[in-house]
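Structure record follows, encoded as structure tokens.
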Amino acid sequence: MVVVAALAVVACGPPPPTHADHLELLLDQSRYSNVDLPDVRPTVEMVRRGIEVHPAITTYAPSSLQFDVMVPAGGRLALSMTIEPDSAPLTFRVVVEGNSREVVFEGPLADGSEWVSRSVDLAEYAGQSIVLALEADAEAVGTAAYWGAPILTGDFVDEKPNVILYVIDAAGADFMSVYGHERPTTPFMEELAGRGAVFERAYSNSTWTKISTPSFLTSLQSSALGGYVSREDVLPAEVETLPQMLRRAGYTTAEITSNPFAGMMTGLERGLDFMRDSGVARNAVSSVELHANLLQWRQAARMRPFWVHVQTTDVHWPWDPEPPFLGTFTTATERQRFYEDQDRLAAAAGIPRPQWLHAWRYPQAVFEETGIDRLEFFAVADRLYDESMLHNDAQLRHLVERLEASGDWDNTVLIVASDHSSAHGLGSQPEIPDRDGPIMNSMRTRIPLIVVWPGHIAAGQRIEAPVSMVDILPTVLDLVELPAAAVVQGHSFAPVLLGKDWTPRPVTLDEMNVDESGTVGGWLEVIDGRWGASWRFHGRSSADIVAIEEVRLCDLPADPLCAVDVAAEHPEVVVELVPLLQERWEAAWILSARYARSGRSEMSEDQRRTLRALGYIQ
């Protein structure tokens with residue numbers, strides 16, 4: 001039996017609509033005493049200190065929070081602690097109460113600027129039922145103590161695998177040598193491909209992080225979640241995420257990212273024991289810091305099984321690689337001219353410099369006005385992007401080597417993917433008449449998808465059938481042999497990974513924008529084998545859009561950029577795919593009525609600074 005639980009409490013049934021549901025359940029089974037403040041009860045909240053966010057139980061000194069637990073063999077209590085930044089010093093204490101009172105941990109804390117993690121050895125109590133008390137003492141009555149995600153762990157048998165979802169933000173399959181790109185940008189991922197399965201035609205469900213990440217963590221499309229209204233949108237409270245599902249099954253869970261749109265700013269902290277969603281000094285080397293965070297989290301408490309979602313920003317604009325990768329494909333002269341030309345183009349286009357990442361949309365007139373050669377400019381952009389990809393690939397190699405050395409690798413499912421492709425390549429494609437056209441364009445949504453699980457997934461598979469990121473949630477649950485989720489829009493591709501019968505399903509791409517008046521715009525698309533049908537809707541409320549109107553048809557193997565509409569040449573295909581689009585639209589409309597919007601998050605200064613560095617805002 002795997003022994004991993006929140007103080008031996010594993011939730012059953014549907015979770016309450018809270019971001020820290022396991023701690024709410026834990027409190028329900030605890031006893032709390034505070035003689036000086038008898039009417040003040042502990043609470044649960046998400047608490048950020050520095051780069052770390054933990055779900056935490058808040059108690060108030062002097063207090064004791066008690067739990068009845070059975071200690072497993074090799075038992076340890078993993079927990080994190082902090083106080084208010086301007087708080088008086090406070091002493092945290094862990095006590096075992098049985099035939100006698102034994103203090104197994106005691107530590108003063110005077111600095112509330114960060115989380116302090118500890119692992120308390122309880123092995124001598126193995127097999128015993130004890131009362132475990134979390135005590136807080138301070139000179140000032142009412143001083144707040146934050147206990148971050150206390151977890152009791154012990155010796156285990158690897159019944160369930162660890163799962164790492166490794167998302168390379170803005171990684172396009174078109175620019176990766178594992179998918180045939182001309183420059184050797186992903187030598188390690190080519191090795192990974194030889195150890196597992198590669199999906200040749202994997203798609204993100206949307207074109208950017210804010211709406212793509214919630215989709216793959218819930219297996220619900222953008223329109224089913226209500227569409228995009230603002231940067232501060234958060235996931236509806238009723239929607240359950242993959243970490244929540246895994247957390248209830250005994251997994252410890254974490255998300256480690258440098259893109260705020262993949263974190264608390266979108267309400268994706270629910271179900272997590274640990275989150276890191278702060279920015280980094282330089283986006284192009286984010287993987288170095290994020291991997292260190294992952295390994296530190298694992299070292300703080302050796303718990304299994306674990307789920308971790310890592311989302312790097314190494315290949316996200318502004319592409320500032322470092323040696324030894326800097327200069328692999330570019331010269332110093334090219335780079336200097338490129339960075340200068342960025343500013344000249346932005347000024348000519350009237351676009352603020354931090355939002356240059358949209359330069360692929362610039363009309364030819366902007367290049368003519370500045371005298372900058374469009375093809376040469378984007379050729380350098382391509383090579384800088386490739387150098388950034390090479391860096392992330394090398395860091396992924398180092399991470400896997402560390403996992404192998406620690407013993408984690410042999411029972412870990414590694415999924416390498418992306419939240420969207422990189423549209424910068426469209427800047428040098430003058431034949432694309434509509435640069436904001438179909439989102440199934442390979443430079444907008446074709447992504448890497450590599451799955452490795454030593455000893456379980458046959459090595460060297462190359463799978464041609466289309467799949468999408470919304471399939472990740474049902475696939476993970478399938479691989480770890482947990483019950484299917486009640487409401488999903490994706491389909492598990494676990495059978496094909498495990499050598500079982502599998503029938504591919506049409507892939508849906510979905511992106512809905514909603515303005516303050518409720519008017520909607522966006523794309524709904526399906527990919528079925530060779531063909532892709534794209535329906536662009538705009539200008540009305542979603543309730544008024546009843547029937548699918550004119551669609552665009554793309555022959556994707558022949559035209560991966562969807563530059564040519566072939567609907568007139570193949571009306572029989574259009575007739576076949578329109579009912580499928582109609583079905584998807586009606587399903588999204590029904591689902592969206594189930595989930596009430598949860599309001600908006602408040603953008604912090606750190607998030608603002610990070611989004612500015614990534615080019616999203618001024």
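In table form, for the structure just shown:
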{"read-out": "Test: residue in the stretch 210-218 that is more than 24 Å from Met389 (Cα to Cα), in contact with a strand residue (DSSP E or B) (Cβ under 9 Å, 6 or more places away or on another chain) and in a strand (DSSP E or B)", "value": "no"}
{"read-out": "Residue, surrounded by the fewest Cβ atoms within 10 Å (Cβ to Cβ), within the stretch 228-268, restricted to residues that are among the β-branched types (Val, Ile, Thr) and over 10 Å from the mean Cα position of the chain (by Cα)", "value": "Val229"}
{"read-out": "Filter result (of a type in the set (D, E, K, R), modelled with pLDDT under 95 and under 19 Å from Trp115 (Cβ atoms)) within the stretch 278-301", "value": "Arg298"}
{"read-out": "Residue match in the stretch 523-535 (condition: in a strand (DSSP E or B), more than 20 Å from Ser468 (Cβ to Cβ) and touching a Gly at 6+ places or on another chain (Cβ under 8 Å))", "value": "no"}
{"read-out": "Check on Gly271, on the phi > 0 side of the Ramachandran plot and either among the acidic types (Asp, Glu) or buried (at least 24 other Cβ atoms within 10 Å of the Cβ) (or both)", "value": "yes"}
{"read-out": "Checking Arg304 against (1) part of a loop (DSSP other than H, G, I, E, B); (2) modelled with pLDDT of 90 or more; (3) out of contact with any helix residue (DSSP H, G or I) (no Cβ under 7 Å at 6 or more places or on another chain), the condition it does not meet", "value": "(2)"}
{"read-out": "Residue ID - surrounded by the most Cβ atoms within 10 Å (Cβ to Cβ), chosen from residues in the stretch 564-601 that are in contact with a Leu (Cβ under 8 Å, 6 or more places away or on another chain) and among the polar types (S, T, N, Q)", "value": "Ser592"}
{"read-out": "Asn441 crowded, with 21+ Cβ neighbours inside 10 Å, under 18 Å from the mean Cα position of the chain (by Cα) and in contact (Cβ under 8 Å) with a residue 12 or more places away in the chain", "value": "no"}
{"read-out": "In the stretch 24-54, residue nearest to the chain's Cα centre (by Cα) [restricted to those that are in a strand (DSSP E or B) and under 21 Å from Asp68 (Cα atoms)]", "value": "Val44"}
{"read-out": "Every pair of residues 6+ apart whose Cβ atoms lie under 6 Å, when the first sits in the stretch 400-421 and is in a strand (DSSP E or B) while the second is of a type in the set (Ser, Thr, Tyr)", "value": "Val416/Tyr166"}
{"read-out": "Selection count, the stretch 145-191, where residues are of a type in the set (Asp, Glu), more than 20 Å from Val400 (Cβ to Cβ) and not in a loop (DSSP other than H, G, I, E, B)", "value": "1"}
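Matching residues to (1) assigned to a helix (DSSP H, G or I); (2) aromatic (Phe, Trp, Tyr):
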{"site": "Gln296", "(1), (2)": "yes, no"}
{"site": "His316", "(1), (2)": "no, no"}
{"site": "Arg335", "(1), (2)": "yes, no"}
{"site": "Ala347", "(1), (2)": "yes, no"}
{"site": "Phe367", "(1), (2)": "yes, yes"}
{"site": "Leu375", "(1), (2)": "yes, no"}
{"site": "Val380", "(1), (2)": "yes, no"}
{"site": "Met389", "(1), (2)": "yes, no"}
{"site": "Asn392", "(1), (2)": "yes, no"}
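The values are calculated or read from the model by the stated rules, or taken from the named source; none is laboratory data. Just so it is clear, the model here is predicted, and its values are computed rather than measured. Reconstructed Cβ throughout: ideal geometry from the backbone, glycine too, with neighbour counts over all protein chains shown.
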